1. With a cut-off of at least 2 residues that are of a type in the set (Gly, Ala, Ser) and closer than 23 Å to residue 314 by Cβ, name the helices (runs of 4 or more DSSP H) lying wholly within segment 182-232.
2. Restricting attention to segment 125-144, which residues are hydrophobic (A, V, I, L, M, F, W, C), farther than 11 Å from residue 103 by Cα and part of a helix (DSSP H, G or I)?
3. Taking the condition among the polar types (S, T, N, Q), under 30 Å from residue 208 (Cα atoms) and touching a residue at least 24 places away in the same chain (Cβ under 8 Å), does residue 184 pass?
4. Could you check segment 206-238 and list, in sequence order, the residues that are small (Gly, Ala, Ser) and either closer than 23 Å to residue 189 by Cα or modelled with pLDDT of 85 or more (or both)?
5. How many residues are out of contact with any Asp or Glu (no Cβ under 9 Å at 6 or more places or on another chain), modelled with pLDDT of 90 or more and in a helix (DSSP H, G or I) when one looks only at segment 105-124?
6. Here is a list of conditions, (1) at pLDDT below 80; (2) exposed (fewer than 12 other Cβ atoms within 10 Å of the Cβ), and residue 98 meets all of them except one; can you say which number that is?
7. Could you please give the count of residues in segment 111-148 that are crowded, with 17+ Cβ neighbours inside 10 Å, charged (D, E, K, R) and farther than 14 Å from residue 79 by Cβ?
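The values are calculated or read from the model by the stated rules, or taken from the named source; none is laboratory data. Not measured: the values here are computed from a predicted model. As a convention, Cβ positions derive from the backbone with ideal geometry for all residues, glycine included, and neighbour counts pool all protein chains shown.
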Amino acid sequence: MTEKPRRSHKAGNGDDSIYWDKSKSRYIGAISLGFTSTGKRIRPTVSGKTKTEVRQKLRDLKKELEADVRPSANYTVGQAVEAWFARGLKGRDPNTVKTYRSLADNHIIPDLDKAKLRGLAVDDLDEWLDRKAEVLADRSLEILISILRRSIRHAQRNKKVVANVAELVELPKGRPGRPSKSLSLEQAVSVLRTGRGSWIHAYVVLALLVGVRTEEERPLLWRHVHLSDTDEDRPHIDVWRSVRRHGDTKTRKSRRSLLMPRFAASVMVDLKREQMRNHKGEWTDDALVFPSTTGKQRDAWDVLRRFRSLLNDAGFEEPKAWTPRELRTSFVSLLSDHGIPIEDIARIVGHSGSATTEMVYRKQLRPVITAGAEAMDEIFADVLDALATEDDIEEE
């Protein structure tokens, strides 16, 4: 008895169809979705080297169709990233956008620009991140994957893709970042002795002796610097602004008022007197404390350049190894070394808790009790008294 040939199954509406395309040397998978109003057949297709690969792609295609997504097979990672930069970063701080843009241009675009978003696999991203971990620090890796995740999420909202594969990858450990460091007491003294009378010297004094962040100094206004010295109102600074978006400080607890040590107060008095003497027109306390030559807010690069020049004049062997933010690290370390409790230091520097102060900023540990400005007066007592004496002699 001969076996009857099997009747070929015709795919119905919504059924899968897989066949070999000799001209392309690939398997083709198709789903029939009926016809358009003009009578044209709706039949989206996928292709692959094996039937198993095609079946998986057909399953993914069905998920996209069920989610009402109409992705383009040619939509790339580069297009998704550019779309996110164009529409997904509205209202963000310009410096943040600049950082994101730099990392995307130097790492994502060169490596993944032409990669099809629809065909991007978790393994592909894992391998790419492993390569990046060899040259980037942890923080840069975190920003990279954040850019990818947000870009694909933006593409999902615009129905360009269903799955966000970037959400499925695990971040590898990057290269160790440059460890922060702090000035020794001897180094701090040499810095305080250098460049007196200049704006950068006053800038350093506020960061080193008061603990103000460099991002809080650049937008500082004179109306927030209180220089009268009475029993009721000692010299202090209201740290209420920063260069961040909308002028907000880093956290709610970063908004604080800080007492100034005697030397810091005298430096700020001299700086204000000099600015008022050279000011053209009517003086107001809405003026910037550290304006650029054009009267605008100084940028971070200008501060960095002048700071390193000051260190060079102070006799530092490697001025380029230091950044202004390490003045604040030095402030914390000097207070801790002098014995100020970590909880008090955290409150002075505006941390929401003592964990960051202890793990990131403090370099020396000794348990004692006093307050910030008074402690700095004690730490630098001999030096600052000598500097004050020098000022009196110069005035005579």
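1. Working: elements: 185-192, 199-205, 214-217.
Answer list for segment 182-232: 185-192.
2. Just the residues of segment 125-144 that are hydrophobic (A, V, I, L, M, F, W, C), to begin with: 125, 128-129, 133, 135-137, 141, 143-144.
Subset that is farther than 11 Å from residue 103 by Cα: 125, 128-129, 133, 135, 137.
Result: 125, 128, 129, 133.
3. Details: among the polar types (S, T, N, Q): yes; under 30 Å from residue 208 (Cα atoms): yes; touching a residue at least 24 places away in the same chain (Cβ under 8 Å): no.
No, not satisfied.
4. Taking segment 206-238 and keeping what is small (Gly, Ala, Ser), we get 207, 211, 228.
The answer is 207, 211.
5. Applying the first criterion (out of contact with any Asp or Glu (no Cβ under 9 Å at 6 or more places or on another chain)) to segment 105-124 yields 105-108, 110-111, 113-114, 116-117, 119-124.
Then drop every residue that is not modelled with pLDDT of 90 or more, which leaves 105-108, 110-111, 113-114.
Restricting the remaining residues to those that are in a helix (DSSP H, G or I) gives 105-108, 110-111.
Adding up the residues that qualify gives 6.
6. (1) is the only condition that residue 98 fails.
7. Matching residues across segment 111-148 total 1.
Residues are listed down the side, and each one gets a yes or a no for (1) over 24 Å from residue 193 (Cβ atoms); (2) within 28 Å of the chain's Cα centre (by Cα):
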residue	(1), (2)
271	no, no
282	yes, no
294	yes, yes
299	yes, yes
314	no, no
318	no, yes
323	no, yes
331	no, yes
